[in-house]
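The block underneath contains the structure these notes are about, expressed in structure tokens.
Values quoted throughout were computed directly from the atomic coordinates according to the rules given, and no laboratory measurement underlies them. Keep in mind that what you see is a predicted model, and the values were worked out from it rather than measured. Note that each Cβ is placed from the backbone with ideal geometry, even for glycine, and that neighbours are counted across all protein chains shown.
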Amino acid sequence: MKPTVILDPHFRILELLFHPEELAHLHSFAEVIWERNEPMPAEELAKHREDVEVILSGSWRHGEVADFPRLKAFLELGGGFPSPDSFDYETAFARGIRVLSCAWAFGPAVAEMGLAMALASARLLVETDREVRVGKANWSHTELGDPFLLFDKPVGFIGFGGLARSLKPLLAPFRCPISVYDPWLTDSYLATQGVTPVDLDTLLTTSRVIFVLAVPTQSNQALLGREKLELIRSDAVFVLLSRSHVVDFDALTEMVLAERFRAAIDVYPEEPLPLEHPIYKASRAILSTHRAGAHSEAYRTIGQQAVRDTEAIVHGLVPQEMQIAQPEFIRLRG
């Protein structure tokens, strides 16, 4: 008898995540329940609560973990681990229920977008485009402004998780020395990764390009407040990729409007951001609509990884593809 797997991908779209071949493979080793884009109703879930071994879903909305006697794993398809407010990690860890996130699948797409945004900001591509379109561009090359080459410039990573590990090799051709601030990793480990561990103030004052890559936690909310943002070099580019949770966005907006430094922003405290928000007037900012990871290839990677890890779990093997929740990290998130 095949193990029971609930496939409840909402808010993700089933067809974007799973190629028909992936779904066929999932069906080959599991009894797949639901498999629709609409959220699974509670009454339908109740029919399978006693038998389900794996749940794949865009978020945890399935009640108490303790109510699933045979559950082996929850595979999150949204982009981050479920909140401790909605998911009982204590019971999951005590029972050996694995909790996996698809976040790593977004790493290459976000890293590529981050590099593109940094280059565009450093070389003034967006500003030049605007000037060309209204006949204000400087064609004589006698007034160069303040663009700079990325080659050999000091780069800072705030956070050294999956996004940073995907971005680092993309910077290798530019010979950028990379400094990292990540209080959850030891200096000796960071040194083995070919980066220089530094305190946050040193990173902000010395980096020409700063990438915000940290996962949001209780301890890093508004980590980059006004006082820290004021340390950033006036010739620097600040690239906000992970979550705006890490930044005092009002202070960031004021500083970019005052042309204290340049910024490239993909994430915001409210999405969609209201049209009246002043950041839209910042000529020294490149704005993207939280789309760094929103790419068909990244979504397909989620589906592939989820199917392969599900196969491993139902056969009593160790999942290798998705990010596995660690108790220390969950306590940090609070």
Report summary line: For the range 224-240, Karplus-derived ³J(HN,Hα) couplings (6.51, -1.76, 1.60; θ = phi - 60°; whole Hz; x for glycine and proline) come out as 9, x, 4, 4, 6, 4, 5, 7, 5, 4, 5, 9, 8, 10, 10, 10, 9
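How do the peptides 222-231, 294-303 rank, highest first, by the average count of neighbouring beta carbon atoms within 10 Å per residue?
Values: 222-231: 16.2, 294-303: 18.3.
By packing density, highest mean first, the sequence is 294-303, 222-231.
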Query raised in the report: Which value, in debye to the nearest 20, describes the size of the charge dipole of the chain about its Cα centre when Lys and Arg Cβ atoms bear +1, Asp and Glu Cβ atoms bear -1, and nothing else is charged?
Result: 800 debye
**Report entry** Integer Hz, Karplus 6.51/-1.76/1.60 couplings in order for the range 186-197, x for Gly and Pro
**Finding:** 6, 4, 5, 5, 4, 4, 5, 8, x, 10, 9, x
Requested in this report: Amide H neighbours of Arg98 under 5 Å, at least 5 residues apart or on other chains, H built in the peptide plane: list them.
Outcome: Ala73, Phe74
Report summary line: Kirkwood-based Rg/Rh on the Cα set of the chain evaluates to 1.02
Query raised in the report: Mean residue ellipticity at 222 nm from the helices of the chain, using -39,500 (n - 2.57) per DSSP H segment of n ≥ 4 over the full residue count, to the nearest 500 deg cm²/dmol?
Result: -9500 deg cm²/dmol
Query - the chain: angle of helix 296-314 to the longest principal axis, Cα-based, in degrees nearest 10 - result: 30 degrees
Report summary line: Given backbone amide H placed at 1.01 Å from N, residues whose amide H is under 5 Å from that of Thr4, ignoring those fewer than 5 places away on the same chain, are Glu31, Glu53
Requested in this report: Obtain the radius of gyration and the Kirkwood radius of the range 152-247 from its C-alpha atoms and give Rg over Rh.
Outcome: 0.93
Query raised in the report: Alpha carbon centre of the range 134-151 versus the range 72-104: separation in Å?
Result: 49 Å
